[in-house]
Amino acid sequence: MKHPEIPPNESQRMASLHESGLLETASQERFDRLTRLAKRMFNVPIALVSLVGADALHFISCDGIPDGRVERKISFCGHVILSDTPMVVADALQDPRFHENPLVTGEPFIRFYAGYPLRVPDGANVGSFCIIDRQPREFTPTELAVLKDFAAIVEDEFATISVATTDALTGLYNRRGFENLAKFAITAARRRAEPLTLAWIDLNRFKYINDTWGHEEGDNALKAVASLLRENFREADLLVRFGGDEFAVLFSDTSEDGAWVAMTHLAEQAEAFNASSQKPWKLSFSWGLSEYDHNAMPDMKSWLKTADDRMYAMKEKNRSAR
């Protein structure tokens, strides 16, 4: 038996999977309809929509077998994500990769498998749309084309779920995206004994920009802030627009002191933008920082409030200085 290899881009693939919000998605009727239809169309007993996690599969839809834990190292789907092309196993007992696999020699007694890789919007392969039979069989090019169509529909649904965690104007994560991913970030930081710092950001004089130059220019200011965040922070940092003129950055493996340096640099880059943008308005913002206390483990609401209170303290200080 051959265990599936780990892709060279595994860390980025897993980041894309977590950021998509799909791991928090329970089985949904939109996916169950597709697996039911696939079972009928291909006349197979099992159809699945699976995600390949770090150690095990996560089933978004599982029609034909109990939704139990399947370890990645024995999974067929773990092989599918290694390529952008489908994987078809006509007879698992005759395939050296799988003939001793416990999923072949025991329940669910896989003999035939056809899986098409599933991608999230950024292009990362995160799982498989697959059909399974307990008897060996051939798979025609026409059937493969139909399987591809099923996978494309699933990917469209993935994009819809991803959009639901993304702010339409700026492309940053929205409140829902932050709440989903912050839990993962806290768990990962605690496990690695790494600091994690939240920056809460409020755009100064945003109402004045809207009232003076109109909402289109207000939107342009918000998009400019989003661009500065992307250009100046790391891919590992979580960038969020909470709504209105409120933004947040979750700095991974960064202490409060380190986040202060990063935010000071961001303010300098905003000044550079103002000097060259030729916009009638100027970008400036106030911020507050709060490092997560792994010992006290505050709830999300109180952690956000600490950063928010510190942001308002800076905003008041900036107003007094004018």
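Overview of values
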| read-out | value |
| --- | --- |
| Selection within segment 226-246 - open to solvent by 40 Å² or more (accessible area, probe 1.4 Å) and within 15 Å of the chain's Cα centre (by Cα) | Glu235, Ala236 |
| Leading residue by the ranking (nearest to Ile81 (Cα to Cα)) among those in segment 149-188 that are surrounded by 15 or more Cβ atoms within 10 Å (Cβ to Cβ) and among the polar types (S, T, N, Q) | Ser162 |
| Residue satisfying condition, being touching an Asp or Glu at 6+ places or on another chain (Cβ under 8 Å), in contact (Cβ under 8 Å) with a residue 12 or more places away in the chain and under 28 Å from Ala145 (Cβ atoms), within set Leu34, Leu48 | Leu48 |
| Given (1) touching a helix residue (DSSP H, G or I) at 6+ places or on another chain (Cβ under 7 Å); (2) more than 28 Å from Pro298 (Cα to Cα); (3) without any contact (Cβ under 8 Å) to a residue 24 or more places away in the chain, number of the condition Thr160 does not satisfy | (1) |
| Pair list, Cβ under 7 Å, 6 or more apart: segment 117-129 residue without any contact (Cβ under 8 Å) to a residue 40 or more places away in the chain, other residue among the acidic types (Asp, Glu) | Pro117/Asp84; Arg119/Glu155 |
| Residue in segment 92-148 that is farthest from Lys2 (Cα to Cα), counting only those that are crowded, with 20+ Cβ neighbours inside 10 Å and β-branched (Val, Ile, Thr) | Val120 |
| Among the candidates Ala236, Ala248, Ala168, residue that is farther than 30 Å from Cys130 by Cβ, out of contact with any strand residue (DSSP E or B) (no Cβ under 7 Å at 6 or more places or on another chain), of a type in the set (A, V, I, L, M, F, W, C) and not in a helix (DSSP H, G or I) | Ala168 |
| Filter result (outside any strand (DSSP E or B), farther than 21 Å from Asn210 by Cβ and open to solvent by less than 30 Å² (accessible area, probe 1.4 Å)) within segment 268-295 | Tyr292 |
| Every pair of residues 6+ apart whose Cβ atoms lie under 8 Å, when the first sits in segment 73-94 and is more than 21 Å from Glu107 (Cβ to Cβ) while the second is surrounded by fewer than 16 Cβ atoms within 10 Å (Cβ to Cβ) | Leu82/Glu5; Pro86/Leu144; Pro86/Lys148; Val88/Leu144 |
| Residue in segment 66-78 that is among the hydroxyl-bearing types (Ser, Thr, Tyr), within 30 Å of Ser11 (Cβ to Cβ), touching a Lys or Arg at 6+ places or on another chain (Cβ under 7 Å) and outside any helix (DSSP H, G or I) present | no |
| Residues that are in contact (Cβ under 8 Å) with a residue 60 or more places away in the chain and either open to solvent by 60 Å² or more (accessible area, probe 1.4 Å) or over 18 Å from Leu250 (Cα atoms) (or both), drawn from segment 298-311 | Arg310 |
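Residues are listed down the side, and each one gets a yes or a no for (1) at pLDDT 95 or above; (2) in contact with a Pro (Cβ under 6 Å, 6 or more places away or on another chain):
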| site | (1), (2) |
| --- | --- |
| Ile60 | no, no |
| Arg69 | no, no |
| Ser75 | yes, no |
| Met87 | yes, no |
| Asp95 | yes, no |
| Glu107 | no, no |
| Phe112 | yes, yes |
| Gly115 | yes, no |
| Phe139 | yes, no |
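The values are calculated or read from the model by the stated rules, or taken from the named source; none is laboratory data. Just so it is clear, the model here is predicted, and its values are computed rather than measured. Every residue, glycine among them, receives a Cβ derived from its backbone with ideal geometry; neighbour counts consider all protein chains shown. Surface areas here come from the heavy atoms of the whole protein model, side chains and all, with no ligands, DNA or RNA. Shrake-Rupley method; radii C 1.70, N 1.55, O 1.52, S 1.80 Å.
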